1. Reachable lysines from LYS22, Cα under 27 Å, same-chain residues fewer than 8 places away excluded?
2. Restricting to DSSP H runs of at least four residues, report the calculated mean residue ellipticity at 222 nm for the chain, -39500 (n - 2.57) per run over all residues, nearest 500 deg cm²/dmol.
3. Where in segment 17-60 does the label zone of VAL6 land, with the point 7 angstrom along Cα→C-beta and an amide N cut-off under 15 Å?
4. Any idea what the relative contact order of the chain is, in percent, if you count C-alpha pairs under 8 Å spaced at least 6 apart?
5. Only four residue types carry charge here, +1 at the Cβ of Lys and Arg and -1 at the Cβ of Asp and Glu. Report the dipole size of segment 2-77 about the Cα centre in Debye, rounded to the nearest 20.
6. Compute the angle between helix 61-77 and the longest alpha-carbon principal axis of the chain, please, reported from 0 to 90 degrees and rounded to the nearest 10.
Amino acid sequence: MELKAVVMYKGEPAHYSITSEKRGIFNARLLKYEGKNAKTPPESILIVRGIRHWTGSYNEPHVIEELGRAIEERNRTGDPAS
């Protein structure tokens, strides 16, 4: 599985490509950041599906949750563009 997702990072769009590593474990790789901030989002984020929520290797829960929601939407619809 591979999908593309756009999440907001410090108010600016960050484009990620998400791939499945193992069941419930995903890797999100930064493709492009449209922000003008000096601090860019992480190049790679490991995302893990927990029982009730998503966790990850990055300490910004809203980014992890947005990436997790993109994965869930893809799983629900099967749409590769979601």
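1. Straight-line reach from LYS22, under 27 Å: LYS4, LYS32.
2. Taking each H run of at least 4 residues, the total per residue is -7000 deg cm²/dmol.
3. Inside the label zone: 17, 31-36.
4. Rounded, it is 26 percent for the chain.
5. Computed about the Cα centre, the dipole is about 120 debye.
6. 40 degrees
We did not get these values from a lab; they are worked out from the coordinates using the rules stated. The shown structure was predicted, so the numbers you read here are calculated from the model rather than taken from an experiment. Because the Cβ atoms are built from the backbone with ideal geometry, glycine has one as well, and the counts that use them run over all protein chains shown.
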